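Working notes, structure below.
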Amino acid sequence: MTSSCLSLRVNSSSCFKATLGFNSEIYNLEAILVNVASWQIITNNCEHNATDITIENNSLSMKIDGEFTKAYFHITETNCFLTFAKYDFNFTTRGHYSIGINEHDENIITSPMSGVIRQVNAQNGDKVKTGTVVIVLEAMKMEHSISIGKTKTINAITCKVGDFVSTGQVLINMSED
């Protein structure tokens with residue numbers, strides 16, 4: 001199936017909305033982080049609960065309303081190829097994505113530059129103290145250490161060693177103790 005991604009909005013580090021069109025139908029999707037291990041997914045006003053979510057290499061595994069499912073994806077600059085169940089989707093962009101993450105949100109850490117993740121020194125659920133280096137990023141043969149500015153609990157780490165990340169990409173979602 002060939003589809004067009006009409007819009008994508010990231011409202012905060014814990015919510016995103018997308019409007020997808022395929023087969024002449026429009027689908028509105030909203031995902032809200034409920035807690036470290038659970039998302040509420042709303043598609044065209046139908047609510048679903050996603051738990052046990054893992055992203056590894058190019059696969060996404062989860063339970064949706066208690067039923068296990070797995071999807072495979074590959075993302076390029078202009079396309080997102082997704083294989084889900086027995087269906088293949090090819091989402092292409094119409095214009096640019098609109099990302100609305102607050103740069104001053106103290107509960108997210110974004111990549112200060114494009115580069116490759118060389119170290120991840122924390123895990124989901126860890127309580128990390130002020131000054132702790134949580135990620136080491138390599139860019140132009142130099143290492144850049146990213147540390148926590150204030151004691152927080154890690155909710156989600158969105159990258160792993162070896163990942164290429166872009167400037168402004170969310171790396172860690174945290175919460176106050």
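The values are calculated or read from the model by the stated rules, or taken from the named source; none is laboratory data. Keep in mind it's a predicted model, so treat the numbers as computed, not measured. Ideal geometry is used to build each Cβ from the backbone, glycine not excepted, and the neighbour counts take in all protein chains shown.
Restricting to region 142-177, name every residue that is farther than 19 Å from T54 by Cα and of a type in the set (D, E).
Across region 142-177, the qualifying residues are E143, E176, D177.
Report, by residue number, each residue of region 125-168 that is under 25 Å from S59 (Cα atoms), outside any strand (DSSP E or B) and not acidic (D, E). Break it down into steps so the answer makes sense when it comes.
Going residue by residue through region 125-168, those that are under 25 Å from S59 (Cα atoms) are 125-126, 134-138, 154-168.
Cutting the leftovers down to outside any strand (DSSP E or B) gives us 125-126, 158-163, 166-168.
Correct list: G125, T158, C159, K160, V161, G162, S166, T167, G168.
Which residue is farthest from P112 (Cα to Cα), if the candidates are limited to region 160-177 and must be at pLDDT 80 or above and surrounded by fewer than 19 Cβ atoms within 10 Å (Cβ to Cβ)?
Selected residue: E176.
Identify the residue in region 128-144 that is closer than 18 Å to N173 by Cβ and surrounded by 13 or more Cβ atoms within 10 Å (Cβ to Cβ) and, among all such residues, is farthest from the chain's Cα centre (by Cα).
Taking region 128-144 as the starting set, the residues that turn out to be closer than 18 Å to N173 by Cβ are 128-130, 132-135, 137.
Then keep just the ones that are surrounded by 13 or more Cβ atoms within 10 Å (Cβ to Cβ); that gives 128, 132-135, 137.
Details: V128: 21, T132: 23, V133: 21, V134: 18, I135: 16, L137: 18 Å.
Top of the filtered list is T132.
Which of the residues spanning region 109-124 are at pLDDT below 90 and either outside the structural domain of T153 (by TED's automatic domain parsing) or under 17 Å from K160 (Cβ atoms) (or both)?
Initial filter on region 109-124 (at pLDDT below 90): 109-115, 124.
I109, T110, S111, S114, G115, N124, listed by residue number.
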